[in-house]
Amino acid sequence: MHKYVISQAARLECVLARLAIAPVRAARLDAGEALLFAHKVCLGCPRTAACDRWLRQSADCAIESAPLASFCPNAAFFQRCAAVAEAYQTV
């Protein structure tokens, strides 16, 4: 069970990295509650194979791409993170 929890947490971190979202930005959403909830969602996610396939795709796959949004229950969380990161860049 311990290895499963670690691998799920690492998978979420990989998605953040793949989307160029700094974990510290993700942690700022809702005072950290959004990231905590996203981790909980990942822990119970039955779509890890689809996630692993998405992570192996070419690096130019954007967050709005159908694959991520079509299988990931955390897609809205990642979109929020990306929007916050973009807002910080325009300031």
Check on Arg47, modelled with pLDDT of 90 or more and in contact with a Phe, Trp or Tyr (Cβ under 6 Å, 6 or more places away or on another chain) = yes
Residue list for the range 50-76, filter: in contact with a helix residue (DSSP H, G or I) (Cβ under 8 Å, 6 or more places away or on another chain), at pLDDT below 85 and assigned to a helix (DSSP H, G or I) = Pro67, Leu68, Ala69
Can you pull out the residues in the range 15-27 that are surrounded by 15 or more Cβ atoms within 10 Å (Cβ to Cβ) and in a helix (DSSP H, G or I)?
-> Val15, Leu16, Arg18, Arg25, Ala26, Ala27
Checked pairs for the range 2-25, first farther than 16 Å from Arg47 by Cβ, second at pLDDT below 90 and surrounded by fewer than 14 Cβ atoms within 10 Å (Cβ to Cβ), C-beta under 9 Å and 6 or more apart or across chains, list as Leu19/Ala62; Arg25/Tyr88
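The values are calculated or read from the model by the stated rules, or taken from the named source; none is laboratory data. This one's a predicted model, so the numbers in the text were calculated from it and none came from an experiment. All Cβ positions, even for glycine, are placed from backbone atoms using ideal geometry, and neighbour counts span all protein chains on display.
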